[in-house]
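The values are calculated or read from the model by the stated rules, or taken from the named source; none is laboratory data. Predicted model only: the values in this text are computed from it and were never measured. Using ideal geometry, Cβ is built from the backbone for each residue, glycine included, and neighbour counts are taken over all protein chains shown. Note: areas computed on protein heavy atoms with side chains; ligands, DNA, RNA excluded. Shrake-Rupley method; radii C 1.70, N 1.55, O 1.52, S 1.80 Å.
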Amino acid sequence: MALQKELIANETHVGMAASEAYLKISGLSVKDNFISISVEGFGAKEARENNSHPIFFNQYYAELPMITGTGNLIEICYAYLKTLDEFSSSSDV
């Protein structure tokens, strides 16, 4: 599972735009009532599959009561990310 969306050059760490950026949760950390979600982004799914370096990396934090749902925690975190303005235009891939 991952998210796909367009990234403009100033949203990436390398100044490269990507029309079909592939954004993957690379790590989760839970401490007390908070969760940290690490997201890496690649120029495309193929770049990720070829072990290319990410062009985007960011950490997102939330209180656990804001993360709701049933089932797989990673799927719940992807759903939470899509509630953020930054990911509202993304699609599941």
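Check whether at least one residue in the range 39-54 is of a type in the set (Phe, Trp, Tyr), assigned to a strand (DSSP E or B), open to solvent by 90 Å² or more (accessible area, probe 1.4 Å) and without any contact (Cβ under 8 Å) to a residue 40 or more places away in the chain, and report yes or no. Before the answer, list the steps.
Keep residues of the range 39-54 that are of a type in the set (Phe, Trp, Tyr), which gives 42.
If we keep only those that are assigned to a strand (DSSP E or B) too, we end up with 42.
The next check asks that each one be open to solvent by 90 Å² or more (accessible area, probe 1.4 Å); those that pass are none.
No.
Hey, among the residues in the range 55-69 that are outside any loop (DSSP other than H, G, I, E, B) and not aromatic (Phe, Trp, Tyr), which one's modelled with the lowest pLDDT? Walk me through it before giving the result.
Filtering the range 55-69 down to residues outside any loop (DSSP other than H, G, I, E, B) leaves 56-66.
If we keep only those that are not aromatic (Phe, Trp, Tyr) as well, we get 58-59, 62-66.
Numbers: Asn58: 97, Gln59: 97, Ala62: 91, Glu63: 88, Leu64: 81, Pro65: 72, Met66: 69.
Here the answer is Met66.
Looking at the structure I just gave you, is Ala21 aliphatic (A, V, I, L, M), on the phi < 0 side of the Ramachandran plot and buried (at least 19 other Cβ atoms within 10 Å of the Cβ)? Even if it seems obvious, please write down each step before you answer.
Details: aliphatic (A, V, I, L, M): yes; on the phi < 0 side of the Ramachandran plot: yes; buried (at least 19 other Cβ atoms within 10 Å of the Cβ): yes.
In short, yes.
Exactly one residue out of Met1, Met16 is outside any helix (DSSP H, G or I) and surrounded by 12 or more Cβ atoms within 10 Å (Cβ to Cβ), and it is Met16. If you go through the range 34-42 one residue at a time, do you hit one that is out of contact with any Phe, Trp or Tyr (no Cβ under 6 Å at 6 or more places or on another chain) and at pLDDT 95 or above? Checked the range 34-42: at least one residue is out of contact with any Phe, Trp or Tyr (no Cβ under 6 Å at 6 or more places or on another chain) and at pLDDT 95 or above.
Would it be correct to say that Gly27 is outside any strand (DSSP E or B) and among the small types (Gly, Ala, Ser)?
Numbers: outside any strand (DSSP E or B): no; among the small types (Gly, Ala, Ser): yes.
Judged against the criteria, Gly27 is not a match.
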